[in-house]
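Asker: Questions regarding the structure given below will be posed in turn.
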Amino acid sequence: MATGIYADKRWTTLRARILRRDDYLCQQCLRYGKHRAATTVHHCYPAGMYPDLAWERWNLVSLCAQCHDAMHDRGSDLLTALGEQWRRRADQRKPPHLRP
């Protein structure tokens, strides 16, 4: 379950690394020229559904709270169309040996 990942001390370290990698900016907003602070690290492949990918840096992106909410249908917790776009983007960042 995803909650276990967020309770793990390693998550705090990894989250900080991803925020630093992304210059503490929301990567979705940045696509449109907006410079908004990132407050969340999003799993493009949701951690609850893909626990084996939860710790992969290529699967993580920094987002502001508003953009992070737009990635998930909060009723079902499934990815929205925007969330699916970011999942496809993550596929491009996968190491070559993990690509189909």
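Asker: Check Gly48: other-chain or 5+ apart residues with amide H under 5 Å from its amide H, H built from backbone geometry?
Answerer: Ala2
Asker: State the percentage of accessible surface on the chain attributable to carbon and sulfur atoms; use a 1.4 Å probe and exclude ligands, DNA and RNA.
Answerer: Reported share for carbon and sulfur atoms: 54 percent.
Asker: Another question, then. Any idea what log10 I(q)/I(0) is at q = 0.15, 0.16 Å⁻¹ for the chain, Debye with uniform C-alpha scatterers and no solvent?
Answerer: So the normalised log intensities work out to -0.58, -0.66.
Asker: Using a simple spin-label model with points 7 Å from Cα along the Cα→Cβ vector, what separation in nm is obtained for Leu82 and Arg17?
Answerer: That separation, rounded to one decimal, is 2.8 nm.
Asker: Residue-wise, which Karplus ³J(HN,Hα) couplings in Hz belong to segment 49-66, taking 6.51 cos²θ - 1.76 cosθ + 1.60, θ = phi - 60°, and x for glycine or proline?
Answerer: Ordered by residue, 3J(HN,Hα) equals 8, 10, x, 5, 9, 4, 9, 7, 5, 5, 8, 10, 9, 7, 9, 7, 4, 4 Hz.
The values are calculated or read from the model by the stated rules, or taken from the named source; none is laboratory data. Because the structure is a prediction, the values reported are computed rather than measured. For neighbour counting, all protein chains shown are included, and Cβ atoms are generated from backbone atoms with ideal geometry for every residue, glycine included. Each accessible area value is taken on the protein alone, full model and side chains, heavy atoms only, with ligands, DNA and RNA left out. Shrake-Rupley method; radii C 1.70, N 1.55, O 1.52, S 1.80 Å.
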